[in-house]
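> My structure is below; once you've seen it, I'll send some questions.
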Amino acid sequence: MIEFDRVTVHYAEAREPMLREVDLHIPEGELCLVAGRTGAGKSTLLRAINGLVPHFTGGTLYGSVTVQGRDTRSHPPRDLADVVGVVGQDPLAGFVTDTVEEELAYGMEQLALPASVMRKRVEETLDLLGIAELRDRPLRTLSGGQQQRVAIGAVLTSHPQVLVLDEPTSALDPTAAEDVLATVTRLVHDLGVTVVVAEHRLERVVQYADRLLYLPGDGTVVDGEPAAVLADIDLAPPLVELGRAAGWAPLPLSVRDARRRAANLRQRLADATAPPTAPAHDGPPALTARKIVVRYPGTVAVAGVDLDLPAGQVVALMGRNGSGKSSLLWALQGSGPRQVGTVTVTGPDGAIDPKTLPAGRARRQVGLVPQTPGDLLYLERVDAECAQADRESDAPAGTCRALLDQLTPGLPGDQHPRDLSEGQRLALALAVQLTAAPPVVLLDEPTRGLDYLAKRQFAAVVRRLAGEGRAVVVATHDVELVATLADRVVVMAQGEIVADGTAAEVMLASPAFAPQVAKVMAPEPWLTVDQVTTALADAGTPG
Amino acid sequence: MTDRSPAGSGVSPRLAEAPQDARSAMTGTGRLPRALHPGAWWLWAFGLATAASHTTNPLPLALLIAAAALVVVRRRGNAPWAFAFRLYLVLGAVIVAMRVVFRLVFGGGQGEHVLLHLPEIPLPAWAAGIRLFGPVAAEQLLGGFYDGLRLAAMLVCLGAANALANPKRLLKAVPGALYAVSTAVVVALSVAPQLVESVLRVRRARRLRGAAGQGLRALRGIALPVLADALDRSLALAAAMDSRGYGRTAAIPAGQRALTGGLVLAGLVGVCVGTYGLLDATVPGYLGLPMLLAALATAVVGMLLAGRRVHRSRYRPDRWRITELAVAGCGAATAAAMMAAGSADPDRLYPPVSPLTWPELTPLMLLTIVVAVAPAWLAPPPALAAKPAVESAPNPPDGTTRSAPRRDTRQPETPR
């Protein structure tokens, strides 16, 4: 179905080719997962399938890519539209029309299909994706998961043989992501569509994949069975790490696989001391919020929330999209609206409500890194951003740069902030905010688009911040991250706090928030691979 | 004339429609709820506006406004633009008021029936011919009122078309040669709100860095991320459109491309010359109407040829059926009847304000109004009326929706 024949992709400004001598053969009906670190060439590989590379992006492509017998050299993307459907990371950016039904028809209109065929396919697709009730809705009013499903439907109406998805779930909460992935697997199984999907959070997709393409970052592609490929790469979901620690072969890819093998492991750990629950932080609260209400026209985003953030504690703020997490963070920082309630930050300057301070002083009480960290950056060079941050915070010159070097050592100062990888940009934004030395740090969805290694680095940074005595709040959907990071978990729904407790309490209590290790080890209270490996080491040699 | 459903018609216009639908179901398919071709509504509205421009008589003008409003109330859908009609009514009222106030301020006091004496403000010599305030005559106010009403009526007629026809569907109905232009317009319409969103987002983020949010530096801090964002987004959109087949053209020889281009260009130049010829009495007659028609024909042929290049189809196109013809015909007939009334009895259509006389209606004028209001029954009921306005519902009925659907856009978690 898809053939890569000695494909090398070289962008004009890059020293090294993005892809080097890649030979691939993806047969019909496969679900093919593309994994690799940020910047390893995943998007290049995906976009080469329908000719966006090099027709749209520029650069030079040596060798040939053939999809169903059509060579992308002679066929630009528009001439492959009836064979390959491409869905991007941000569905909203790819929508051309403004209602669901018209969006579904758009691709077919371009292919000049007869009106009767279009009508029929739109109805079929609405049913296939379960979005029939959305048909007249404006696209902008849909939720993220709905938008992603509409975007998939919009390319499906052209009946492509190949579906290419670039990180379809990166912006979605766990439930919406499940919906989208369920849709994708259904397409593979029921319609025989060949799907090529890139995804950072392997644990979500790898169990459905027939094949894993791993890009180590040097331009080559490792191609093989998921379990085999995962055995020796450093980019591994928690289940695989657990399997390595327990010495299972082949490695388990789904919770079910792992659980069936884990009986022995559970027994070995039965006598081990349960992992220490997070130390109770009864220290003085760095931030106290009472009866916070945030209201927007037509909705109540935060409905009377009380929250204490003790110094030195990492709090994970969870809940589905739209449950009021961001609104709460912005209200705590003082920049966002807050109709009712009080916020008191107890810092070196005494107890202060940040909302009463001018913006320049409020950030010395509470630092917030927004969902798109790039919004904070507007200068052309990393050095310039750091110098500007020092000036803004009246800090000695070099403070921000020193912080940045602690977070990610060796970031070249003359680089443009927009050219940094997601993780580096997050580090820079965080360093800029930390320059003001706030006792409270709020992070809104920081790990979107980060790979496993970047996430591990980020977790270490956050732990260090807490170790320095700051109160840290991380709003996130990523349960695996929360398991490794948080002392305490607060779950929000409909603007209210519905659960608040130690990470173990909250995460073990509900399957939706349980990390994979907990699902495998239940009913024993283990959350992370690290806890298990430590306990295994303590238990001595495996018998 | 209010902008609401007719009193006593029940909850929705559709309920009121039901018995009538049953009765007229035998007469054909025209009565099934559907959206009329937007072009038909616009032709009808232009007809009414033309009729309104041919009279200053307040009676037919008021009746024309009433007719337009009745058609709107009976036949509009429930989309946002459909409710913009009341804005046009308000604007019309403002125009009338402005005209009357202008006459009052700069009046000039012609007329015998002086209603009140305002103190006149003396102006310097260079402003001779302009008078501020002074005696206010009934004739002068009435003249202003007639003038304003005519303008307001024309505006309300066009507003009616705006409320009845979906502007986006009108864009879809453009000839194939203009397809690229209409796509650009649609994209621009959707980009504007996104741009506003990202400006707000970046401004908030700037505050997090302690920026004051004012002055040239702040502008730079906001403009750069917003522009970079917009650029990223437009590239993503272009890539998406390309991968979905936008711009697949049938292969055509270069010669034909040159021919179509030449035809369109020549036609447009000819239209300009023809219009000039038509308006300027001193140029030879063949440069007038014949030139205009020939040039229009050339341009149309060129566009048709160019349209054949664009190889695409339309999803659920609006068809031009007998009902569309009838509605557009009503507009044309309204204009024609009013012109006929004007040539038969010009004094009645332009009632003199001095001496003051009561405006009168003639049977022909009444006929005009009857024709104008006919689409309220001729046109099929709007299909949209059957559905509740889903987009404004606080909680759409589906499992994945969150508590705050209005914020479920690209950055679902961002507070506004």
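> In the range A:124-132, is there at least one residue being on the phi > 0 side of the Ramachandran plot, surrounded by fewer than 22 Cβ atoms within 10 Å (Cβ to Cβ) and more than 7 Å from chain B (Cβ to nearest Cβ)?
Yes - at least one qualifying residue is present in the range A:124-132.
> Further, regarding this structure: Quick check on the range B:111-133. Is at least one of its residues in contact with a Ser or Thr (Cβ under 9 Å, 6 or more places away or on another chain) and part of a helix (DSSP H, G or I)?
Within the range B:111-133 (the criterion being in contact with a Ser or Thr (Cβ under 9 Å, 6 or more places away or on another chain) and part of a helix (DSSP H, G or I)), the answer is no, since none of the residues qualifies.
Residues are listed down the side, and each one gets a yes or a no for (1) outside the structural domain of A:GLY334 (by TED's automatic domain parsing); (2) under 27 Å from A:GLY324 (Cα atoms); (3) modelled with pLDDT of 90 or more; (4) buried (at least 22 other Cβ atoms within 10 Å of the Cβ):
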{"site": "A:CYS386", "(1), (2), (3), (4)": "no, no, yes, yes"}
{"site": "A:PRO409", "(1), (2), (3), (4)": "no, no, no, no"}
{"site": "A:PRO412", "(1), (2), (3), (4)": "no, no, no, no"}
{"site": "A:VAL441", "(1), (2), (3), (4)": "no, yes, yes, yes"}
{"site": "A:PRO446", "(1), (2), (3), (4)": "no, yes, no, yes"}
{"site": "A:LYS455", "(1), (2), (3), (4)": "no, yes, no, no"}
{"site": "A:ALA459", "(1), (2), (3), (4)": "no, yes, yes, no"}
{"site": "A:VAL474", "(1), (2), (3), (4)": "no, yes, yes, yes"}
{"site": "A:HIS477", "(1), (2), (3), (4)": "no, yes, no, yes"}
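> Out of B:LEU115, B:LEU91, which single residue is in contact with a strand residue (DSSP E or B) (Cβ under 6 Å, 6 or more places away or on another chain), surrounded by fewer than 17 Cβ atoms within 10 Å (Cβ to Cβ) and not acidic (Asp, Glu)?
None of the others qualify; the one that does is B:LEU115.
> Check whether at least one residue in the range A:91-109 is under 30 Å from A:SER510 (Cβ atoms), assigned by TED's automatic domain parsing to the domain that holds A:VAL65 and touching a Pro at 6+ places or on another chain (Cβ under 9 Å), and report yes or no. Steps first, please.
Going through the range A:91-109, the residues under 30 Å from A:SER510 (Cβ atoms) turn out to be A:91.
Those still in the list that are assigned by TED's automatic domain parsing to the domain that holds A:VAL65 too: A:91.
In the following step, the residues that additionally are touching a Pro at 6+ places or on another chain (Cβ under 9 Å) were identified as A:91.
Yes: the range A:91-109 contains one or more residues that are under 30 Å from A:SER510 (Cβ atoms), assigned by TED's automatic domain parsing to the domain that holds A:VAL65 and touching a Pro at 6+ places or on another chain (Cβ under 9 Å).
> So, one more: Outside any helix (DSSP H, G or I), facing another protein chain (nearest Cβ under 10 Å) and surrounded by 20 or more Cβ atoms within 10 Å (Cβ to Cβ): is that true of A:LEU163 in this structure?
Judged against the criteria, A:LEU163 is not a match.
> Sort out which residues of the range A:84-95 are among the hydrophobic types (A, V, I, L, M, F, W, C) and crowded, with 21+ Cβ neighbours inside 10 Å, and write them in order of number.
Of everything in the range A:84-95, those that are among the hydrophobic types (A, V, I, L, M, F, W, C) and crowded, with 21+ Cβ neighbours inside 10 Å turn out to be A:VAL84, A:VAL86, A:VAL87, A:LEU92, A:PHE95.
> Pick out the one residue from B:PRO405, B:PRO382, B:PRO397, B:PRO412 that is within 14 Å of chain A (Cβ to nearest Cβ), modelled with pLDDT under 50 and over 30 Å from B:ASP232 (Cβ atoms). Walk me through how you get there before you give the answer.
Details: B:PRO405 fails: over 30 Å from B:ASP232 (Cβ atoms); B:PRO382 fails: modelled with pLDDT under 50; B:PRO412 fails: over 30 Å from B:ASP232 (Cβ atoms).
Checking each option against the conditions leaves just B:PRO397.
> Within the range A:517-537, is even one residue touching a strand residue (DSSP E or B) at 6+ places or on another chain (Cβ under 7 Å) and surrounded by fewer than 23 Cβ atoms within 10 Å (Cβ to Cβ)?
no
> Would you be able to tell me the number of residues in the range A:166-184 that are of a type in the set (Gly, Ala, Ser) and in a loop (DSSP other than H, G, I, E, B)? Quick ask: steps written out before the conclusion?
Initial filter on the range A:166-184 (of a type in the set (Gly, Ala, Ser)): A:170-171, A:176-177, A:182.
Keeping just the survivors that are in a loop (DSSP other than H, G, I, E, B) gives A:170-171.
Count: 2.
> To continue, here is another question. Residues being modelled with pLDDT under 90, among the small types (Gly, Ala, Ser), touching a Gly at 6+ places or on another chain (Cβ under 8 Å) and part of a helix (DSSP H, G or I): count how many of those fall in the range B:134-152.
1
> Could you grab me the full set of residues in the range B:100-139 that are in contact (Cβ under 8 Å) with a residue 60 or more places away in the chain and under 40 Å from the mean Cα position of the chain (by Cα)?
Once the filter is applied, which keeps residues that are in contact (Cβ under 8 Å) with a residue 60 or more places away in the chain and under 40 Å from the mean Cα position of the chain (by Cα), the range B:100-139 yields B:GLN110, B:GLY111, B:HIS113, B:ALA138, B:GLU139.
> Kindly provide the set of residues from the range A:302-343 that are touching a Leu at 6+ places or on another chain (Cβ under 8 Å) and assigned to a strand (DSSP E or B), ordered by number.
A:VAL302, A:VAL305, A:LEU307, A:ASP308, A:LEU309, A:VAL314, A:VAL315, A:ALA316, A:LEU317, A:VAL343
Matching residues to (1) of a type outside the set (A, V, I, L, M, F, W, C); (2) surrounded by 16 or more Cβ atoms within 10 Å (Cβ to Cβ):
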{"residue": "B:ALA299", "(1), (2)": "no, yes"}
{"residue": "B:LEU304", "(1), (2)": "no, no"}
{"residue": "B:GLY331", "(1), (2)": "yes, yes"}
{"residue": "B:MET338", "(1), (2)": "no, yes"}
{"residue": "B:ASP347", "(1), (2)": "yes, no"}
{"residue": "B:PRO359", "(1), (2)": "yes, yes"}
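> Checking the conditions here, which among A:ALA112, A:ALA154 is facing another protein chain (nearest Cβ under 10 Å), under 23 Å from A:VAL67 (Cβ atoms) and under 27 Å from the mean Cα position of the chain (by Cα)?
One residue alone meets the criteria, A:ALA154.
> Would you say B:ARG207 is under 19 Å from the mean Cα position of the chain (by Cα), part of a helix (DSSP H, G or I) and either crowded, with 20+ Cβ neighbours inside 10 Å or aliphatic (A, V, I, L, M) (or both)? Can you show your working first?
Values: under 19 Å from the mean Cα position of the chain (by Cα): no; part of a helix (DSSP H, G or I): yes; either crowded, with 20+ Cβ neighbours inside 10 Å or aliphatic (A, V, I, L, M) (or both): yes.
No; evaluated as a whole, the condition is false for this residue.
> Taking only pairs six or more apart or across chains, which ones have beta-carbon atoms under 8 Å, a first residue in the range A:33-50 that is more than 14 Å from every other protein chain (Cβ to nearest Cβ), and a second residue that is of a type in the set (S, T, N, Q)?
Matching pairs, first to second residue: A:THR38/A:SER421; A:GLY39/A:SER421.
> Quick one: count up the residues across the range A:99-125 that are aliphatic (A, V, I, L, M) and closer than 14 Å to A:VAL150 by Cα. Let's see the steps before the verdict.
First, pick out the residues of the range A:99-125 that are aliphatic (A, V, I, L, M): A:100, A:104-105, A:108, A:111-113, A:115, A:117-118, A:122.
This time we only want the ones that are closer than 14 Å to A:VAL150 by Cα, so: A:100, A:104-105, A:122.
Going through the range A:99-125 one residue at a time, the tally reaches 4.
> Continuing with this model, one more query. Limited to the range A:85-109, what total is found for residues that are facing another protein chain (nearest Cβ under 7 Å), closer than 15 Å to B:ALA239 by Cα, touching a residue at least 40 places away in the same chain (Cβ under 8 Å) and not in a loop (DSSP other than H, G, I, E, B)?
5
> Also: Within the range A:51-58, is there a residue that is farther than 30 Å from A:ALA227 by Cβ, out of contact with any Asp or Glu (no Cβ under 6 Å at 6 or more places or on another chain) and β-branched (Val, Ile, Thr)?
yes
> Just a yes or no: is a residue in the range B:164-177 more than 30 Å from B:ARG74 (Cβ to Cβ), part of a helix (DSSP H, G or I) and in contact (Cβ under 8 Å) with a residue 12 or more places away in the chain?
Residues of the range B:164-177 more than 30 Å from B:ARG74 (Cβ to Cβ): B:175-177.
From what's left, part of a helix (DSSP H, G or I): B:176-177.
If we keep only those that are in contact (Cβ under 8 Å) with a residue 12 or more places away in the chain too, we end up with B:176-177.
Checked against the condition, which is being more than 30 Å from B:ARG74 (Cβ to Cβ), part of a helix (DSSP H, G or I) and in contact (Cβ under 8 Å) with a residue 12 or more places away in the chain, the range B:164-177 yields at least one hit.
> How many of the residues in the range A:51-84 are in contact with a Pro (Cβ under 8 Å, 6 or more places away or on another chain), closer than 19 Å to A:GLY219 by Cα and within 13 Å of another protein chain (Cβ to nearest Cβ)?
2
> Enumerate the strands (runs of 3 or more DSSP E) found wholly within the range A:193-292, keeping only those where 2 or more residues are in contact (Cβ under 8 Å) with a residue 60 or more places away in the chain.
So the answer is A:194-198, A:211-215.
The values are calculated or read from the model by the stated rules, or taken from the named source; none is laboratory data. Bear in mind that the values here come from a model prediction, so they are computed numbers and not experimental data. Positions of Cβ are generated from backbone atoms using ideal geometry, with glycine treated the same way; all protein chains shown enter the neighbour counts.
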